[in-house]
Every structure is written in C-alpha cells, then in structure tokens.
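The values are calculated or read from the model by the stated rules, or taken from the named source; none is laboratory data. Just so it is clear, the structure is predicted and the values come from calculations on it, not from any experiment. For neighbour counting, all protein chains shown are included, and Cβ atoms are generated from backbone atoms with ideal geometry for every residue, glycine included.
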Amino acid sequence: MRHGCKQNKLSRTHAHRAAMLSNMASSLIKHKRIETTLAKAKVLRGYVEPLINRSKEDSTHSRRIVFSYLQDKEAVTELFREISQKVANRPGGYTRILKTGIRKGDNSEMAIIELVDYNENMLKENKPAKAKSTRRSRAKKATAESEPKAEAKAEEKVEEKPAEEPKAE
C-alpha cells in the first residue's frame with residue numbers, strides 16, 4: 001500500500017531522479033513549456049514551483065540554493081531576471097499541466113507542462129462561445145431540405161448562362 005508516500009519515485013534511484021528533474025526544470029525554465037509524461041509532469045511541478053517561489057527574492061543566498069538544484073547558470077539567470085519579474089504578484093501556481101493524450105509506442109499518458117504567465121494563447125481575451133448546437137431531428141430535416149434546393153439553384157445557374165460569343169472589335 002501507498003500510505004504516506006507523497007512523492008512518486010518514478011521507478012528511479014535518487015541520483016537518477018534528481019538529475020532528471022534538474023534537467024527537466026532547466027528545460028522548462030529556458031523553453032517555457034515542455035512535453036513529457038503525465039507522471040513526470042506532476043513530479044516536476046512539485047520540484048520547480050518552490051524554485052520559482054525562491055526566485056522572487058533576488059539575493060546571493062537564493063541564487064546559490066536554486067543553482068544547487070538546477071546546476072545550470074543560464075537557467076538560473078533566466079529564472080531570476082525574467083520569470084521572477086512576471087510572477088512577482090502571483091501567490092503560487094506558476095505551472096500548468098495540459099493532458100495531450102496517449103503515446104503511441106507504450107500507451108503512456110502524455111502532458112505539456114508550461115509556465116502560466118508565458119502562454120500567449122491563454123492570456124489573450126477569450127472570445128464569447130458560440131451558441132451550442134443541438135442534434136435534434138429538425139437540424140437533419142433542414143440539411144435534407146437545403147440539399148435539393150441547392151441542386152436546383154445550381155441547375156438554374158447553368159441554364160441561365162448562354163454560350164459566350166467572341167467580342168467583335
């Protein structure tokens with residue numbers, strides 16, 4: 001049974017898991033979104049969100065702690081320069097996990113994990129949704145009736161156009 005086991009160990013040793021999460025967190029910080037399995041995305045969220053929270057206070061101590069996790073100078077610089085500016089007023093929830101379906105090879109659930117403030121599509125104003133269409137019989141009748149009318153109109157257009165005569169100049 002799984003009593004009290006808070007973190008998924010992903011069937012890896014501690015060293016392998018730490019290295020993998022460090023690399024994935026660096027990639028997430030650099031590219032703002034990555035695609036991975038759902039299980040890894042959920043574990044990565046718990047790994048990277050405290051680092052983003054730590055980056056709100058730009059001090060040497062904070063930078064050293066974050067560097068001890070990431071082991072990547074460029075990722076640490078990106079985190080403290082750009083990302084910390086965008087998330088300064090956000091109290092938490094810096095990442096979003098979107099399920100994308102299953103992987104064809106091994107049927108594992110795939111997901112995209114991204115930084116919330118960097119998804120331009122979600123940040124744009126949402127347009128009002130269209131009225132929901134129904135699947136009632138009247139919709140089928142309307143399409144069935146419109147098809148003969150459309151064919152009749154097409155035939156009329158063909159009959160109305162006489163053969164074009166060449167213009168005399």
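Within segment 77-92, the set of residues being touching a residue at least 40 places away in the same chain (Cβ under 8 Å) and either loosely packed, with under 13 Cβ neighbours inside 10 Å or among the charged types (D, E, K, R) (or both) comprises 78, 92. Under the condition of being surrounded by 14 or more Cβ atoms within 10 Å (Cβ to Cβ), part of a helix (DSSP H, G or I) and touching a helix residue (DSSP H, G or I) at 6+ places or on another chain (Cβ under 8 Å), the residues counted in segment 28-64 number 12. Quick check on segment 76-91. Is at least one of its residues of a type in the set (Ser, Thr, Tyr) and under 23 Å from residue 6 (Cα atoms)? Within segment 76-91, none of the residues are of a type in the set (Ser, Thr, Tyr) and under 23 Å from residue 6 (Cα atoms).
Within segment 92-109, the set of residues being more than 16 Å from residue 48 (Cβ to Cβ), under 21 Å from the mean Cα position of the chain (by Cα) and in a loop (DSSP other than H, G, I, E, B) comprises 103, 104, 107, 108.
Taking every residue in segment 57-74 that is on the phi < 0 side of the Ramachandran plot and of a type in the set (Gly, Ala, Ser) and pairing it with any residue that is part of a helix (DSSP H, G or I) and surrounded by 13 or more Cβ atoms within 10 Å (Cβ to Cβ), at least 6 positions away or on another chain, the pairs with Cβ-Cβ distances below 9 Å are 62/54; 62/80. Mind checking which residues of segment 110-143 are assigned to a helix (DSSP H, G or I), exposed (fewer than 10 other Cβ atoms within 10 Å of the Cβ) and modelled with pLDDT of 70 or more? Result: 120, 121.
If you scan segment 65-76, which residues turn out to be surrounded by 13 or more Cβ atoms within 10 Å (Cβ to Cβ) and in a helix (DSSP H, G or I)? Scanning segment 65-76 gives 65, 66, 67, 69, 70, 75, 76.
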